[in-house]
1. Take residue A:176 and tell me if it is touching a Gly at 6+ places or on another chain (Cβ under 7 Å), over 29 Å from residue A:262 (Cβ atoms) and among the small types (Gly, Ala, Ser).
2. Name every residue in the range B:198-242 that is modelled with pLDDT under 95 and crowded, with 17+ Cβ neighbours inside 10 Å, in order of residue number.
3. Which one of the conditions (1) in a loop (DSSP other than H, G, I, E, B); (2) loosely packed, with under 15 Cβ neighbours inside 10 Å; (3) more than 11 Å from chain A (Cβ to nearest Cβ) does residue B:161 fail to meet, given that it meets all the rest?
4. Considering only residues that are assigned to a helix (DSSP H, G or I) and either of a type in the set (Ser, Thr, Tyr) or surrounded by fewer than 17 Cβ atoms within 10 Å (Cβ to Cβ) (or both), which ones fall in the range B:124-141?
5. Among A:41, A:53, which is acidic (Asp, Glu), out of contact with any strand residue (DSSP E or B) (no Cβ under 9 Å at 6 or more places or on another chain) and within 14 Å of another protein chain (Cβ to nearest Cβ)?
6. Any residue at all in the range A:209-232 that's farther than 30 Å from residue A:105 by Cβ, in contact with a helix residue (DSSP H, G or I) (Cβ under 9 Å, 6 or more places away or on another chain) and not small (Gly, Ala, Ser)?
7. So which of A:58, A:47 ends up being modelled with pLDDT of 95 or more and among the aromatic types (Phe, Trp, Tyr)?
8. Identify all residues within the range B:177-197 that are surrounded by fewer than 15 Cβ atoms within 10 Å (Cβ to Cβ) and hydroxyl-bearing (Ser, Thr, Tyr); write none if there are none.
Number of protein chains: 2
Amino acid sequence: MYSSADREAAVGVFDSGVGGLTVAREIMRQTPNEHIVYFGDTARIPYGSKSKDTVTRYAEQIIRFLETQHVKAIVIACNTASAYALETVSKEFPIPIIGVIEPGSRAAVETTKNGKIGVIGTEGTISSGMYSSFIHHLDPEIEVIGIPCPLFVPLVEEGWTKDSITREVASRYLASLKDTGIDTLILGCTHYPLLRSLLIELMGDSVTLVNPAYETALELKKLLSSRGLGNPGIKTDEKEPYRFFVSDTAQKFKAFANSILPYDIETIKKINIEEY
Amino acid sequence: MYSSADREAAVGVFDSGVGGLTVAREIMRQTPNEHIVYFGDTARIPYGSKSKDTVTRYAEQIIRFLETQHVKAIVIACNTASAYALETVSKEFPIPIIGVIEPGSRAAVETTKNGKIGVIGTEGTISSGMYSSFIHHLDPEIEVIGIPCPLFVPLVEEGWTKDSITREVASRYLASLKDTGIDTLILGCTHYPLLRSLLIELMGDSVTLVNPAYETALELKKLLSSRGLGNPGIKTDEKEPYRFFVSDTAQKFKAFANSILPYDIETIKKINIEEY
């Protein structure tokens, strides 16, 4: 059904900025043969404060751009864009597209034993109830407790992931969550896996952390395999297996990317996303 | 030279989001007769990570929008937009336009006795060197020490202005600045006046804080008076002396605005700024 050119095509991954790199990193780990074209919409970050219409329009533009890069599948590595745009763009575009909300929610529902799931994320993710509505779609009996943690992203971007200040902020955010008796906690923001060890320590052994970045990479692996689209690892003409594009100045993106990816990025291309 | 209609026209004030409200607040205090049309570019915040061309294009669109509101003068209540766009838009538009960098820098140069001025701001403001280049334009002998404080904006937006965590973050950011022997410190971000008392306490009596929001309101007052444009306080048809516009969802804007303005905002209108 698919030609070898299709199988050797890259996977498109996009986010409003650098956060989705934690998803790209998991894809590199789970499917090391796959090429990746990453797009970070740094000119229009953050998506969390924007309307559904606006975010959907952005996602459509980015997918049109990724199509010019001949990708074979697309991962929306952004919670807001997954919640707002996935349904619409899945109908509009013929290419298979997956988001981070569904794999994360599904894993949490499979993990919880007492039916109490916590979700931490940005103000926008929590107030939109995107995780709880998908979890309730899977199992309406489950109790979902969402806590916004707006300082986590700037703390991670400051590089203070193992810092006493971050610990104090996290203790405060998580205090009310610990009292609720949840046994499963979704890291509902792509930056949060970088706080994983701190969160594990603060929440204790009785709570299992669910990382949607990891679950999404697994879902992509299954999708590619079920459609015969997995890259067999044949040599291609591609010089770089991972290519990075942004919509505005690349400097900060590069520094952050190099701090979390397993290798140093050489080039990042700036494109005018409004043209797509 | 100016008709009474001109004198009764509003002052346009804009920022990438809510931060410029500290400038609007100073204008309300310094020139209580003046009407204000405020625009917060919440759809495209933050400006700090965007290029000069992009920010200039945004400023041009906003000024075209403010012209439709018949404003008599415009205040760019945003550090990045002041630094990147003021020179260009001042040439392009006939209306008087002032920014926050020049009044803040001028006040700091007049204040310092030992010729050592500190500047705190976002990553974008500090790395662009916008304050130091204007200060050096006024006096090339002055030493300017800039320190980025990227967590201050999210801490202020979290409402933690008098919090032990904010104190610890501020102590860390300001530690190296205290050793430099500065006698003047510019609050180079529109959110920072909300941390004023904490910053005064941490920096001690030997350092004078300069608030560009306050200096800009004074400059506007002088400008209006010198051009005979000050509103004499004649009754107008305007129902609301202060009107607020944003480019995307207004909810968070409203909550923050109500926490810092001397009265509660009733209505905030969302407009499509890309159309201007």
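The values are calculated or read from the model by the stated rules, or taken from the named source; none is laboratory data. All of these numbers come straight from a predicted model, not from anything done at the bench. Every residue, glycine among them, receives a Cβ derived from its backbone with ideal geometry; neighbour counts consider all protein chains shown.
1. Considered against the rule, which asks whether it is touching a Gly at 6+ places or on another chain (Cβ under 7 Å), over 29 Å from residue A:262 (Cβ atoms) and among the small types (Gly, Ala, Ser), residue A:176 comes out as no.
2. Selection gives B:229, B:230, B:231, B:242.
3. (2)
4. Of everything in the range B:124-141, those that are assigned to a helix (DSSP H, G or I) and either of a type in the set (Ser, Thr, Tyr) or surrounded by fewer than 17 Cβ atoms within 10 Å (Cβ to Cβ) (or both) turn out to be B:125, B:127, B:128, B:131, B:132, B:133, B:136, B:137, B:138.
5. A:53
6. Yes: the range A:209-232 contains one or more residues that are farther than 30 Å from residue A:105 by Cβ, in contact with a helix residue (DSSP H, G or I) (Cβ under 9 Å, 6 or more places away or on another chain) and not small (Gly, Ala, Ser).
7. A:58
8. B:180, B:197
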